[in-house]
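Novice: Questions regarding the structure given below will be posed in turn.
Every number in this text was worked out from the coordinates using simple rules, so none of it is lab data. These numbers were taken from a predicted model, which means no experiment stands behind them. For neighbour counting, all protein chains shown are included, and Cβ atoms are generated from backbone atoms with ideal geometry for every residue, glycine included.
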Amino acid sequence: MDINLKELLKNDFGIDFPISGGTGNSIDNPIVIHRTGSNDYTATEYAILRCLGIGRRIDWKLLRQSLIHQNGKVFDQMKIETKTVTEDEIITRIENYYFDITECFSQ
């Protein structure tokens, strides 16, 4: 079964994000953000990360946001620190999410 992030977020949170593509877990499987009237792709990125955090029941904070130009495309890499609290421990991990924002840069 293919995971369609757009549909999952719409079903779980009622938000129809202007996205397509992958899950954002690698630069080869980015979340593609489509240009909209406001073209506020950064707010879209943060909102998606917030929803994913709620859905995964984790706390997270942004460590670094980097712009990557590769193969004629523009990517935003969001490096986050996640915290999962269990009964016995707090698990901290570093994760990267990749957003293809090429369309937001074109005229």
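Novice: Work out how far the C-alpha atoms of region 2-46 reach from end to end along every principal axis, then list the three figures in whole Å, largest first.
Specialist: The Cα atoms of region 2-46 stretch 29, 25, 15 Å along the principal axes, largest first.
Novice: Using the crude model of +1 on Lys and Arg Cβ and -1 on Asp and Glu Cβ, and no other charge, please compute the dipole size for the chain relative to its Cα centre, in debye to 20. Don't skip to the end; give the middle numbers.
Specialist: Values: 12 positive and 16 negative charges, 46 e Å.
Dipole magnitude for the chain comes out near 220 debye.
Novice: When the convex hull of the C-alpha atoms of the chain is computed, what volume per residue in Å³ does it have?
Specialist: Values: hull volume 11.8 nm³, N = 107.
With only Cα atoms used, the chain gives 110 Å³ per residue.
Novice: Something else about it: Which cross-chain or sequence-distant (5 or more) residues have an amide H under 5 Å from the amide H of V74, H modelled 1.01 Å from N in plane?
Specialist: The list, which skips near neighbours in sequence, is I101, T102.
Novice: Please arrange D88, D59, D76 by counting, for each residue, the other beta carbons lying within 10 Å of its beta carbon, fewest first. Walk me through the numbers before you get to the answer.
Specialist: Working: D88 6, D59 13, D76 21.
By the 10 Å Cβ count, ascending, the order reads D88, D59, D76.
Novice: Let me ask something else. So, in nm, how far is label E103 from label D40 when the simple model puts each one 7 Å beyond its Cα toward the Cβ?
Specialist: Result: 1.9 nm between the two label points.
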